[in-house]
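One structure is given below, encoded as structure tokens.
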Amino acid sequence: MPAQKSHNPTNAKINKNFVIRIQETAKLNKSGTMLFSASKYRKLVGEEMAETHFYKALNGGLDKYTFKLRNRLKIDFHGK
């Protein structure tokens, strides 16, 4: 089954150019990260905060962006 086209052009641009890696910092015994798509990331952090992070990642010009949320999540946007 082929992948479905995104109805949101920002999500498509983020997924095309970045890998979103999330690590929970509150659980020190659990080492590892999870990869998220842009749409799942929106559901996790909320619409407003996701738009802010996407804007910084797309218009900033760097290869890696790190955001820390609520002293429990470390979010890395890695350029492809």
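Looking across segment 23-75 at every residue that is among the β-branched types (V, I, T) and more than 28 Å from H7 (Cβ to Cβ), the one that is modelled with the highest pLDDT is identified as T66. Of all residue pairs spaced 6 or more apart or on separate chains, those with beta-carbon atoms under 7 Å, a first member in segment 69-80 that is farther than 13 Å from F36 by Cβ and a second member that is at pLDDT 85 or above and open to solvent by 90 Å² or more (accessible area, probe 1.4 Å) are G79/D63; G79/K64. Listed by first and then second residue, the pairs with beta-carbon distance under 8 Å, at least 6 apart or on different chains, first residue in segment 50-65 and over 15 Å from P9 (Cβ atoms) and without any contact (Cβ under 8 Å) to a residue 24 or more places away in the chain, second open to solvent by less than 50 Å² (accessible area, probe 1.4 Å) and of a type in the set (F, W, Y), are K56/Y65; K64/F77; Y65/F77. Considering segment 48-73 alone, what residues qualify as being assigned to a helix (DSSP H, G or I) and either surrounded by 11 or more Cβ atoms within 10 Å (Cβ to Cβ) or not acidic (D, E) (or both)? Within segment 48-73, M49, A50, E51, T52, H53, F54, Y55, K56, A57, L58, N59, G60 meet the criteria.
The values are calculated or read from the model by the stated rules, or taken from the named source; none is laboratory data. In this text, all values refer to a predicted model and were calculated from it rather than measured experimentally. Neighbour counts run over all protein chains shown; Cβ positions are idealised from the backbone, glycine included. In case anyone asks, the SASA skips ligands and DNA or RNA and just uses the protein heavy atoms, side chains included. Shrake-Rupley method; radii C 1.70, N 1.55, O 1.52, S 1.80 Å.
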